[in-house]
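Step one of this worksheet: look at the structure below.
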Amino acid sequence: MSGMRDDDLFGEEDFDDREFDDELLEEELRQAAAVLDPVPSELHQIALDAYALHDPGARVAELTFDSLVDALPVRGVTDAPRMLTFQAGEVSVDVEVGAHGLMGQVLPPQPARVEVLGGPRPGTPLTADDLGRFSGGPPPSGPFALRLRTGGDVVVTEWLRA
């Protein structure tokens, strides 16, 4: 093996960077994936619908309390409303989801426009009064999120199932 260079062992001397086209390789891989493992049309539509809800200036409010997970059960109570708290910076939203609908409060207290999002369709509009209180019904029947507009600020909660 004396007299051989490492390049000769690994065939690197024959490799030419100009022959390797990243974009061509990516396109060939996309075509192969489309044939061998296509994206189901339902999933593609869900992705398009989710993107339609995207609000680039919105802050996401994280769920910090959920009575289904964080509260102690009360014996004998079977239809207790679900209590949720979301937090985004200084803004928090307390929400009660019960048989009669949705009730909540934006804190610190302030007027706000609230939308109950349930998919790609326009959200159900609600208005929070000067104390930040809002209500609406009936309760969401599936996954939902809230979009709050307070002055120039937009806050969107995480998605949950009612």
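Using heavy atoms of the protein chains and a probe of 1.4 Å, the accessible area assigned to E23 is about 140 Å². The stretch between Q110 and Q87, if pulled fully straight at 0.36 nm per residue, gains 6.8 nm over its current Cα-Cα span.
With a Cα-only, solvent-free Debye model of the stretch 83-128, what are the log10 I(q)/I(0) values at q = 0.17 Å⁻¹? Evaluating at q = 0.17 Å⁻¹ gives log10 I(q)/I(0) of -0.53. Highest mean first, the peptides 37-44, 152-159 sorted by other C-beta atoms within 10 Å per residue fall in the order 152-159, 37-44.
Once the Cβ-Cβ distance between L131 and E62 is put in as r, and R0 is 41 Å, what FRET efficiency do you end up with, to the nearest 0.05? For R0 = 41 Å, the calculated efficiency reads 0.95.
The values are calculated or read from the model by the stated rules, or taken from the named source; none is laboratory data. It should be emphasised that the depicted structure is a prediction, and the values quoted were computed from it without experimental measurement. Because the Cβ atoms are built from the backbone with ideal geometry, glycine has one as well, and the counts that use them run over all protein chains shown. We work out accessible area using only protein heavy atoms, side chains counted, and drop any ligands, DNA or RNA first. Shrake-Rupley method; radii C 1.70, N 1.55, O 1.52, S 1.80 Å.
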